[in-house]
Amino acid sequence: MGNNPNAGKWFDLKATHFSLSLARIVFFSFQFCEFAQTYWNRAISFPEGSLIGNVVLPVYLVIHLLLIFGLFTRFALIANLILARVILDNVLDIYHVDYVIKYLSLALVFMPEPKALALDLVRRKEKARPGAPLPTWFYLWVFTPLALTYFDSLFFKYRNEIWQNGLAFWMPAALPNFSTGYYPEFLEVKALVMPLSYLSLIYETLFPALLLRRGRLIVWTVGVGFHLGIAMFFPIPWFALSWVGALLLFFPFHWFMDLEDDGEPQESLAYSKVVARLGYAGCVLLFLFQLSLIFTPNKVNRFIALHIGQARHNVYLDFHFTLTSPILRFYEVTEEERIPIASFDDKGYPQVSGRYWATTHFFLRFGFLNDPPKYTMWHIARYCKGSLLKRGRPVAGSVIEIEYKDVTTPLALDFDRDDQIEKHPWHAAGRIVYDENGKANFDFTRNFRHQMFDVRRPLPVRSKIVTPKKEEPKPESEPTTSEQNQNP
């Protein structure tokens, strides 16, 4: 069943090959940037000498180039589906966007052969038909993963103070450790930031209105606006811009161009009823499976979800902002100089982005709330080791100094809080000495050890704090510390 030319009075389920090709180009262009960043930092993200980091990842970048230019598109989509899982199941610096990448790689593998903006047209000696309509089932098939991502996140957001109290825009856009530092002070106005936070929640709640004729352009504009804001103010630009690329599929270009419904038969109209019904059934199954993750989670559906890309989307919630452990930064110390390792600047703003911000801001902090924090120490050791290898520095015998900065904050609209955090001093936390075998030995200062290990500081808010449970990679050799045996 092809695209229905009479989509109905209320619904608009039309899209053209032009919108699909534009979405393909923009989405995979920014995904290329995401994985180019990962390749640049492969010494951090993969074990030394990793075949995946050194060989598979460059091949994956080539696959992205094929998709951007629309060359051998069907082969590239299948390769993208497979390699996304190979890479993201093995990368050490994980962040929530990886689930979305997997999810969309599954959705896009069923993409029709491009009829616009693709070198495949030249290769096949075909005429471009940008106005050719997409089958309705495919339109809904791509819509479903985006909608379910928002749908699932709402189960968390409506229960968290940061969203209930209109703080979810200003806090990540302005607090130094969460932001790029580009949010201007003159826009720190309660009458602006609180409505924007609520508007974001309304947008996610009403995202299905994208399927309505009257709601389509409004929802699309709000969504693109928010994700452009995320790209500017949050240190996760490639995710935000990739999402904008995906949303381009839903821009109503057919309002401004002629659909090629008549005349020469279109391949997109020749899909069998069986294929279309399978597509609709797939959308229903994804929805039911997401419900099973929400209400009846178990080992089986979690395992399946891991590989298809479905997940619980508990992002930007209270516990992310109420972590009591400080942020850390690192320096390689030599006889001649003290060389910074990218993490945070003097004011506490991140010097890294994407998965590396997630690592330095969350993974290097979460574990200090647990006892013992051996996996957090392992993450610190391998992050610093990878940074040394990336710069061509020897690991054996290297000395890394660690500093910490307090960034605790209440869940409140306090426009002075970002300035206060900027002024918080950095304190000595200790150092790492790598032995001749590259094994990390930690030596923490008394003050840092007392703050992080001996004292469980009260949380600064009323909210119940839940530390997310993450499967951590088993360290090849656990780091040691001269004081580890004294941990409570």
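Throughout, read-outs are computed from the coordinates displayed, never taken from laboratory work. If you're wondering where the values come from, they're calculated on a predicted model, not measured in any experiment. Counting neighbours? That spans all protein chains shown, and the Cβs are built from the backbone with ideal geometry, glycine included.
A few comments on the model shown:
- The DSSP beta bridges internal to the chain are antiparallel in roughly 95% of cases.
- Dividing the Cα radius of gyration of segment 17-308 by its Kirkwood radius returns 0.97 for Rg/Rh.
- Degrees separating the helix 216-233 axis from the principal Cα axis of the chain, which is the longest one: 30 degrees
- The modelled label-to-label distance for the pair Arg277/Asp89, using points 7 Å beyond Cα in the direction of Cβ, is 3.3 nm.
- Working from Cα pairs under 8 Å separated by at least six residues, relative contact order for the chain is 19 percent.
- Taking the alpha carbon gyration tensor of segment 192-345, multiplying each eigenvalue by 5 and rooting it gives semi-axes of 40, 24, 19 Å, largest first.
- Between Ile341 and Phe330, Tyr331, Glu332, the built amide H atoms are under 5 Å apart, and every one of these is 5 or more places off in sequence or on another chain.
- Folded to 0 to 90 degrees: helix 237-247 orientation relative to the chain principal axis, Cα: 20 degrees
- FRET efficiency for Leu389 and Ala428, using Cβ-Cβ distance with R0 set to 25 Å, rounded to 0.05: 0.50
- Among 388-399, 424-435, 354-365, sorting by the average number of other beta carbon atoms lying within 10 angstrom of each residue, highest first, gives 354-365, 424-435, 388-399.
- Checked against a 30 Å cut-off, the cross-linked pairs Lys14/Lys299; Lys347/Lys385; Lys102/Lys390; Lys102/Lys125; Lys157/Lys405 give Cα-Cα distances beyond that limit for Lys14/Lys299; Lys102/Lys125.
- Extension gain, Arg214 to Glu335, is 36.9 nm, computed as 0.36 nm per intervening residue step minus the present C-alpha separation.
- Loop-resident sites, segment 394-447, for GluC sites (Glu not before Pro), counting at most 15 other Cβ within 10 Å (DSSP): Glu436
- Tyr158 paired with Leu285, simple spin-label distance in nm, labels 7 Å along Cα-to-beta-carbon: 2.9 nm
- Cα convex hull of the chain - mean projected area over all directions, nm²: 24.9 nm²
- Separation in nanometres of the label points that stand 7 Å from Cα toward Cβ, at Asp258 and Leu61: 4.4 nm
- Structure-based [θ]222 nm, the chain - -39500 (n - 2.57) summed over DSSP H runs of at least 4, per residue, nearest 500: -14000 deg cm²/dmol
- Across all Cα pairs in segment 1-149, the calculated P(r) in 10 Å bins from zero up to the longest distance comes to 11, 37, 31, 16, 5, 1 percent per bin.
- Over all projection directions, the Cα-based convex hull of segment 190-264 averages an area of 6.7 nm².
- Backbone N within segment 128-161 under 20 Å of label point (7 Å from Phe295 Cα along the Cβ vector): 145, 147-159
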